[in-house]
1. Of Lys72/Lys266; Lys266/Lys424; Lys474/Lys612; Lys275/Lys625; Lys67/Lys266; Lys471/Lys550, which ones are farther than 22 Å apart at the Cα?
2. Which lysines have a Cα less than 23 Å from the Cα of Lys126, not counting those fewer than 8 places away in the same chain?
3. Determine the share of the chain's accessible area contributed by carbon and sulfur atoms, expressed in whole percent, with a 1.4 angstrom probe.
4. Measuring from label point to label point, each 7 Å out along Cα→Cβ, what is the Asp362 to Lys625 span in nm?
5. Largest first, what is the accessible-area ranking of Lys123, Lys496, Lys579 with a 1.4 Å probe?
6. Nearest 10 degrees is fine. How inclined is helix 424-444 to the longest principal axis of the chain, computing both from alpha carbons?
7. What distance in nm lies between label points placed 7 Å from Cα along the C-beta direction at Lys614 and Arg460?
8. If I take all pairs of Cα atoms in the chain, what percentage of them are more than 47 Å from each other?
Amino acid sequence: MGTAPIFPGENVCGIIGYIGNEDAAEILLDGLKRLEYRGYDSAGIATIDGEHISIKRIKGNIALLEKVLEEKPIYGKIGLGHTRWATHGQPSEENAHPHRDCTGTIVIVHNGIIENYLLLKEKLKKRGHRFKSETDTEIIAHLIEEYYHSGVVHRSCDDLEKAVRRALKKIEGSYALGIMSSREPDKLIATRNGSPLIIGLKDGNYFIASDVPAILRHTKDIIYLEDGELAILARTGVRLYGQNGKLIRLERRIKRISWDVNMAEKEGYPHFMLKEIHEQPRAIEDTILGRISPDGADIHLEEMALNKNKLKKINRIIITACGTSWHAGLIGEYLIEEIARIPVEVENAAEFRYRNPIITDDTLAIAISQSGETADTLGAIREVHQKKGRVISICNVVGSSVVRESDAVIYTHAGPEIGVASTKAFTTQLTVLYILAVYFGKIKGTLNAEQAKKMIADLRRLPQKTEEMLKQEKEVIKIANKFYRHRNAIYLGRGKGYPVALEGALKLKEVSYIHAEGYPAAEMKHGPIALIDKNMPVIVLALKGSRYDKILANIEEVKARGGVVIALATMGDRKIKEKVDEVLYVPETSIPLSPILAVIPLQLLAYYIAVKRKCNPDQPRHLAKSVTVE
Ligand code: M6R
């Protein structure tokens, strides 16, 4: 593979599949309704009746799909359904799943991202395949067709299973797949690599789904597929093959789920906020996917839509956003200035839009928004455009207003964020800002090849480090249990730790209603130090780095005034234990990536304190998920 393409993938969509003795359409539609809470922009189902395939797809909500099916019902006792939440490629009927091959006999639904899809698409086009959508998913159907219909697999028998196995060998990226063919209408194939997929079993009725709620009404007996496994579902039973191609005994793998529907939507977590905190390793991984060249030497950001010569001429960057996204921007300033040596200004969008900002030819504006609907951020984009400037947005929602009004967009692949408090959106925004800083560093020549490679290698290890960070959860809970009765808290940080302190304080105040403020640690002696006493917990970001000694001095200042210090320290830093009251350890990573790990214990701390205080962290009072008014 020469270049890593941008990808119109769907990594957080919903899958349902059914084979059995009942009417499939009804089961599929019900399953999709139960996945609605995840967010989606289009949906579709396909069934096979005899050898006849019927497909209905819509852009919009399931109610519309239901209406279409009421008017024109489709029949069959086998089928696949999908809700799509576009990550690239506009939400549209053509891009909605299920997708088919040229002959229309192979039907597939897919979650995940096919990284080498552009290359495969080109090859398949040359071989005469015609594509109807912009998705990466469709290439899988055509690839299976290559082996299935050309006789490559077997001249005399139509063996979908073998064709699928051959096609999978060509695919790079992540997937959960449901596949069926009208030439073998008694079988449903399910396989996964990096995207979740489950099988449900109930006396002659078998299901596949991306999430438990989709099938919980029918069965509580579930098999969680593992990467590389492939299952053949028929009315007579399920065959499950391991990565090595060997049959696996089903009994060992069946799990009885005890969740109710409410718990199942949150995958067993009590709140969306906690679920989303735990999704961060996956979300970061998805945000990185396809943006690093296979040799790990380069960053690919084709989405930038500005050619490298124009980018070279950029001498000033303005980042604008609100709330948590603004905090991400503040960290972006440190990253871009340090790595690419381009001067950056960061401004709250509500302020920026009304102060007649100066935008010159060599200025690039970056707007950051999870929802893409924040009124003030949109206002800031319009202000830049009015002054003939260019705006790149970092956004999580395809087709949102911010995306439509920007000149280019770099998507975070966090997936729908349902909890009002932003968590995985923030860490994926930081991931994009880091990628952007390295990208600019290479263009501007501030990074040589070796330095860039090292930074990319650090980035690749980040999802794993994030997993390690989450393993400290029990320690966070202990601290939350000790401190939840306090009424105030101060968060201190230096350098990139300062915006992390702001974000930690924002998380605490919005979900637990404890008054919390973030300060640059050195600023404390200019006023806030007057607040320090034994009732004031001070959370200090004290990770190893260039200003470590200075932050230790700040800790001494707090302790000398009777303050209680909770330190966030680098794993292995034993010395700090003697100086503070509590320590939360953060796995070691490179300094530019450390904010991404450091914010996670602060998210968890806010969450557990809120729960102890009997606050609902998913829906804090007076707050809305997207602030569409000024
Ligand atoms: O959707 P946006 O990122 O544009 O939203 C901006 C803020 O409203 C948002 O980040 C808010 O501060 C967080 N939800 C707080 O956790």
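1. With Cα atoms farther than 22 Å apart: Lys72/Lys266; Lys67/Lys266; Lys471/Lys550.
2. Lys169, Lys170
3. Roughly 48 percent, rounded to a whole number.
4. Result: 4.3 nm between the two label points.
5. Of Lys123, Lys496, Lys579, the descending order of accessible area is Lys123, Lys579, Lys496.
6. With rounding to tens, the tilt is 80 degrees.
7. 5.1
8. Numbers: 35516 of 198135 pairs.
For the chain, the fraction of Cα-Cα distances above 47 Å is 18 percent.
The values are calculated or read from the model by the stated rules, or taken from the named source; none is laboratory data. Because the structure is predicted, anything quoted here is derived from the model rather than measured. We place every Cβ from the backbone using ideal geometry, glycine too, and count neighbours over all the protein chains shown. Calculation scope for accessible area: heavy atoms of the full protein, side chains included, ligands and nucleic acids excluded. Shrake-Rupley method; radii C 1.70, N 1.55, O 1.52, S 1.80 Å.
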